[in-house]
Amino acid sequence: MEVLRNFTFAVSWRTEKSLYRLDVDWPKHPEYFTGTTFCVAVDSLNGLVYIGQRGDNIPKILVFTEDGYFLRAWNYTVDTPHGIFAASTLYEQSIWITDVGSGFFGHTVKKYSSFGDLVQVLGTPGTKGTGLNPLQFDNPAELYVEDTGDIYIVDGDGGLNNRLIKLSQDFMILWLHGENGTGPAKFNIPHSVTLDSAGRVWVADRGNKRIQVFDKDTGEWLGAWNNCFTEEGPSSVRFTPDGKYLIVAQLNLSRLSVVAAPPVGSIGECSVISTIQLADQVLPHLLEVDRKTGAVYVAEIGAKQVQKYVPLNSYVPAFGS
């Protein structure tokens, strides 16, 4: 694994404007990566990093400090993690996981305490489906939880569903888009979802090689970006804390792109400011941005590790923090 890690440190900048540097000392103990790292979440309030990995007879969730020190691991009721999100406010710290496993705990979206205690299960454990009452999932890819408690779920990493669902904090469906296709508000493998400070929902519509944008309150379709992803669709989307940029991962290209965020009231076209070209077969799957420091954490399923990129310029405080 050490050889692979040294290999993946080879980073070349595809444009002259460098915005990030690789933190080669993160984590302090990479030997804790014993499986395939699929997802990463950051509890910005408490300075904790959660990583979901897959494999047999290994801990599925690893917890590190933002400085890279290993704290703990847990494996309770997690089958096959795909996406992970840390919902951290002054009143509650919780970890949400999308589970795509075929075992007893699969096809669910689950809420945990920071120590791995299961708090809530959405979906029918072990059973995939398309139902809305009760709510069922098939390979739910990722989710984003607002500080208000509202939840946005993209359901369909190649399964029966191609849906974007907004749930209230008491798990009632507020609105959804749920049709497979190429037109507006239709999806082909919706893989990642995030929000900006202007109340817009951004979805990595991976199979359609585009990002689609919606109004968070009404679910109204606001537009799409497809000009930046002709080679391969986006696999992950997250905003920088100052809201200036959207960080986008493209899995099979092993590439991260820093894209200019559009102004309020306009979606426009995608404009890439800078890219980070990773080594071949690193395969960045999902990423997270620390809402306080702006650091970018990338879960790499090819390299079987998580890497940290630090912004060269400091950011303003995160929205909502």
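Considering only residues that are open to solvent by 30 Å² or more (accessible area, probe 1.4 Å) and in a loop (DSSP other than H, G, I, E, B), which ones fall in the range 81-102? Once the filter is applied, which keeps residues that are open to solvent by 30 Å² or more (accessible area, probe 1.4 Å) and in a loop (DSSP other than H, G, I, E, B), the range 81-102 yields Thr89, Leu90, Tyr91, Glu92, Ser102. Determine whether the range 293-300 contains at least one residue that is open to solvent by less than 30 Å² (accessible area, probe 1.4 Å), farther than 22 Å from Phe33 by Cβ and either touching a strand residue (DSSP E or B) at 6+ places or on another chain (Cβ under 7 Å) or touching a residue at least 24 places away in the same chain (Cβ under 8 Å) (or both). Scanning the range 293-300 turns up at least one residue that is open to solvent by less than 30 Å² (accessible area, probe 1.4 Å), farther than 22 Å from Phe33 by Cβ and either touching a strand residue (DSSP E or B) at 6+ places or on another chain (Cβ under 7 Å) or touching a residue at least 24 places away in the same chain (Cβ under 8 Å) (or both). Per the conditions (1) touching a residue at least 60 places away in the same chain (Cβ under 8 Å); (2) farther than 17 Å from Gln212 by Cβ; (3) open to solvent by 10 Å² or more (accessible area, probe 1.4 Å); (4) in contact with an Asp or Glu (Cβ under 7 Å, 6 or more places away or on another chain), the sole criterion not satisfied by Ala261 is (2).
Apart from one condition, Ala204 fits all of (1) out of contact with any strand residue (DSSP E or B) (no Cβ under 7 Å at 6 or more places or on another chain); (2) closer than 20 Å to Glu142 by Cβ; the exception is (1).
Among the conditions (1) in contact (Cβ under 8 Å) with a residue 24 or more places away in the chain; (2) small (Gly, Ala, Ser); (3) within 27 Å of Arg163 (Cβ to Cβ), the only one that Gly116 does not satisfy is (3). Of all the numbered requirements in (1) at pLDDT 95 or above; (2) out of contact with any Asp or Glu (no Cβ under 9 Å at 6 or more places or on another chain); (3) over 19 Å from Arg54 (Cβ atoms), Leu90 misses one, and that requirement is (1). Considered as a group, the residues in the range 128-175 that are among the polar types (S, T, N, Q) and over 16 Å from the mean Cα position of the chain (by Cα) include one that is most open to solvent (accessible area, probe 1.4 Å), and that residue is Asn133. Candidates in the range 233-258 are the residues that are assigned to a loop (DSSP other than H, G, I, E, B) and open to solvent by less than 20 Å² (accessible area, probe 1.4 Å); of these, the one that is nearest to Tyr20 (Cα to Cα) is Thr240.
Within the range 121-132, the set of residues being within 19 Å of Ile151 (Cα to Cα) and touching a residue at least 24 places away in the same chain (Cβ under 8 Å) comprises Leu122, Thr130, Leu132. Within the range 62-87, residues that are in contact (Cβ under 8 Å) with a residue 12 or more places away in the chain and farther than 17 Å from Arg291 by Cβ sit with their Cβ atoms under 6 Å from residues that are crowded, with 19+ Cβ neighbours inside 10 Å and of a type in the set (Lys, Arg), at 6+ positions apart or across chains, in these pairs: Asn75/Lys60; Val78/Lys60; Thr80/Arg54; Pro81/Lys60. Condition first: open to solvent by less than 10 Å² (accessible area, probe 1.4 Å), within 17 Å of the chain's Cα centre (by Cα) and under 30 Å from Asp280 (Cα atoms). Can you find one or more residues in the range 222-229 that meet it? No, that holds for no residue.
The condition (being within 20 Å of the chain's Cα centre (by Cα), at pLDDT 95 or above and acidic (Asp, Glu)) is satisfied by just one residue among Asp99, Asp79: Asp99.
The values are calculated or read from the model by the stated rules, or taken from the named source; none is laboratory data. Remember, it's a predicted structure, so these values are computed and weren't measured experimentally. Quick reminder, even Gly has a Cβ in these numbers, built from the backbone with ideal geometry, and neighbours come from all protein chains shown. When the accessible area is computed, the model is the full protein with side chains, heavy atoms only, and any ligands, DNA or RNA have been set aside. Shrake-Rupley method; radii C 1.70, N 1.55, O 1.52, S 1.80 Å.
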